[in-house]
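The structure under discussion appears below in the form of structure tokens.
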Amino acid sequence: ARRAPGYSPCSGHTMEQDARRSAFRAAAPHQSQKEAGRMNVLTWQFFGAAFTLIAGTLLHFVYGWSDRSLAMAPFAAVNESVWEHLKLLAVPMLLFAVVEYFCYGRALPGFLPARTASVLFGMAEIVVLFYTYAGIVGRNFLLADILVFCIGVAEAYLLGAYLLLSGL
């Protein structure tokens, strides 16, 4: 079979059609790269929140499981105070931030300030929510404490996503 002049056997199109398609792709790579970067950041935030929730929950019990090892005390809650429970958010978030930094964070301007702000915000959120609800009700409840931790983690990663995507 005879092919039209300029036919490209690789794509099955004429070279003119290939040139138009290449020009179209070249005109819009910024938008697709920007969207891909946005999805990448959101994906990392989702998995970071999941990791923090799971690791934080496990850290609640590690001190007891380790037979009250002093080596675990800086990383895990050693008693039921709110202040000790802040480690349940801070330690996993900081560990995940190290992984994030080496995977994509070095390329993002403002990654370290954004992650620092999000960790501090999550910790502050836990303190404010806990003392607010416990002050209103007069005591604390296990289910409410767990919900406060989950809200603190979620809002910390939401703030992180906002700061990273806005470039602040």
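Of 125, 155, which has the most accessible area and how do the rest follow, probe 1.4 Å? Write out the running numbers ahead of the final one.
On the way: 125 35, 155 65 Å².
The ranking, largest first, comes out as 155, 125.
Output ³J(HN,Hα) for the stretch 139-148: one whole-Hz value per residue in order, computed from phi by the Karplus curve 6.51 cos²θ - 1.76 cosθ + 1.60 with θ = phi - 60°, and x for Gly and Pro.
7, 10, 10, 4, 4, 5, 4, 5, 5, 4
I want to check the label-to-label distance for residue 84 and residue 102. Put each point 7 Å from Cα in the C-beta direction and report it in nm to one decimal.
Modelled inter-label distance: 3.2 nm.
The values are calculated or read from the model by the stated rules, or taken from the named source; none is laboratory data. Since the model is a prediction, treat every value here as computed from it, not as a measurement. Please note: Cβ atoms are built from the backbone with ideal geometry, for glycine as well, and neighbour counts cover all protein chains shown. Heavy atoms of the whole protein, side chains included, go into the accessibility calculation; ligands, DNA and RNA do not. Shrake-Rupley method; radii C 1.70, N 1.55, O 1.52, S 1.80 Å.
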